[in-house]
Amino acid sequence: MGYRFGYYDEICATVQMAACPLLGDNQVGYEPTCYARNIEVRSALIFQMASLIIDIIALFMTVIMIFHIRSKYTAVGRKEMVMFFYLYFLMTVLDFITISGIIPISSVVYPYFVAGYLGLTSAMCWCLMLNGFIGFQWAEDGTAASLWTFRLSSLLIFGVMYFVSIATFRDIAAFSKGHPIGLFVVYFIFNPFCLLVYVVLQIILVVNTLDEYWPLGNICFALVFFIIGQVIQIFLSNKICEGIKHYVDGVFFGTICTLLSVMMVYKYWDSITKEDLEFSVGGKGNVWEVKELLHEEDEFAPYAGQAANTIGHAGVSFANTGSVYGTQSYPQQQQQQQHYQQQAYPPY
């Protein structure tokens with residue numbers, strides 16, 4: 001099968017993509033040669049049911065990952081990384097809407113939802129690439145400069161891809177749905193380039209900064225899952241669809257691999273970021289360190305806490321308990337202290 005640069009005809013003949021019905025010189029766009037079975041729910045056709053189930057699972061998993069990222073209050077790049085998962089969540093929602101047929105292809109709003117999906121995909125890849133620079137301290141993470149750089153640049157990338165998509169679907173200016181080279185370049189070159197830059201940056205970061213190389217396994221698994229998903233969708237979708245008798249196609253396995261890739265990105269980030277326990281709040285009281293136990297018959301034992309400085313010379317160390325007894329004095333206590341001092345420091 002010969003794929004031509006800048007054309008979607010061969011790709012859309014292999015895999016069912018949301019943009020395919022909107023491309024091509026004819027009115028119906030491109031259709032895949034083989035695609036998963038549809039199901040009818042209350043006289044409405046639902047496409048890619050198996051992939052939709054994976055999308056629902058992806059939404060739940062994304063919520064869990066966002067919760068864990070937000071709970072690591074002192075982790076480096078926490079606020080920046082959570083933006084990536086917000087974008088992935090929104091992208092998954094639009095993928096669910098566009099690929100399932102909830103919004104019919106004939107609807108006037110369908111192209112705008114597809115453009116939003118493509119724009120979020122590019123913004124997500126861009127945001128992940130920027131996260132790759134966090135470890136190199138180009139800007140202090142969590143600050144207004146860092147966060148607004150992420151927000152504004154991701155919004156810019158989303159806007160550019162959204163405009164390119166709509167212009168391509170509507171044949172505006174120099175853009176053409178018969179030869180969607182702009183859409184092709186952004187989706188198949190710019191997005192993978194951003195992901196590749198992120199992977200390379202993380203490899204450099206781990207090798208030069210960390211003492212262990214185990215996190216490289218996570219980032220390598222993320223890359224492998226992503227590549228496998230794309231290969232299955234673009235090259236093997238028809239064979240899988242025909243072999244499994246139209247129950248699933250390459251979109252199903254591509255959605256699974258994308259989810260696994262995102263989960264490995266989270267696992268990698270979690271493995272290289274540790275909580276700064278110095279600022280965590282614990283429920284335990286002060287730890288008392290006793291180097292030499294006092295005998296029960298020692299008459300001074302009940303007042304050990306009040307004479308910590310004195311008995312420290314005898315080998316017993318107590319932490320300050322903040323007790324009210326530390327500020328009070330009793331006659332019996334004073335007698336016991338004088339008696340102990342005479343024993344501990346005999347006159348010369």
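Looking at segment 215-260, which of its residues are surrounded by fewer than 20 Cβ atoms within 10 Å (Cβ to Cβ) and of a type in the set (S, T, N, Q)?
Gln230, Asn238
Take segment 133-178 and flag every residue that is of a type in the set (A, V, I, L, M, F, W, C) and under 18 Å from the mean Cα position of the chain (by Cα).
Correct list: Phe133, Ile134, Leu147, Phe150.
From the list Thr273, Thr209, which one is of a type in the set (Ser, Thr, Tyr), open to solvent by 60 Å² or more (accessible area, probe 1.4 Å), at pLDDT below 90 and out of contact with any helix residue (DSSP H, G or I) (no Cβ under 6 Å at 6 or more places or on another chain)?
Going through Thr273, Thr209 in turn, just one is of a type in the set (Ser, Thr, Tyr), open to solvent by 60 Å² or more (accessible area, probe 1.4 Å), at pLDDT below 90 and out of contact with any helix residue (DSSP H, G or I) (no Cβ under 6 Å at 6 or more places or on another chain): Thr209.
Results for (1) open to solvent by less than 70 Å² (accessible area, probe 1.4 Å); (2) more than 24 Å from Asn26 (Cβ to Cβ), shown as yes or no for each residue.
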| position | (1), (2) |
| --- | --- |
| Trp148 | no, yes |
| Ile157 | yes, yes |
| Met161 | yes, yes |
| Val185 | yes, no |
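The values are calculated or read from the model by the stated rules, or taken from the named source; none is laboratory data. These numbers come from a predicted model, not from an experiment. Cβ: placed from backbone, ideal geometry, glycine included. Neighbour counts: every protein chain shown. To get the accessible areas, we keep the full protein, side chains included, count just its heavy atoms, and leave off ligands, DNA and RNA. Shrake-Rupley method; radii C 1.70, N 1.55, O 1.52, S 1.80 Å.
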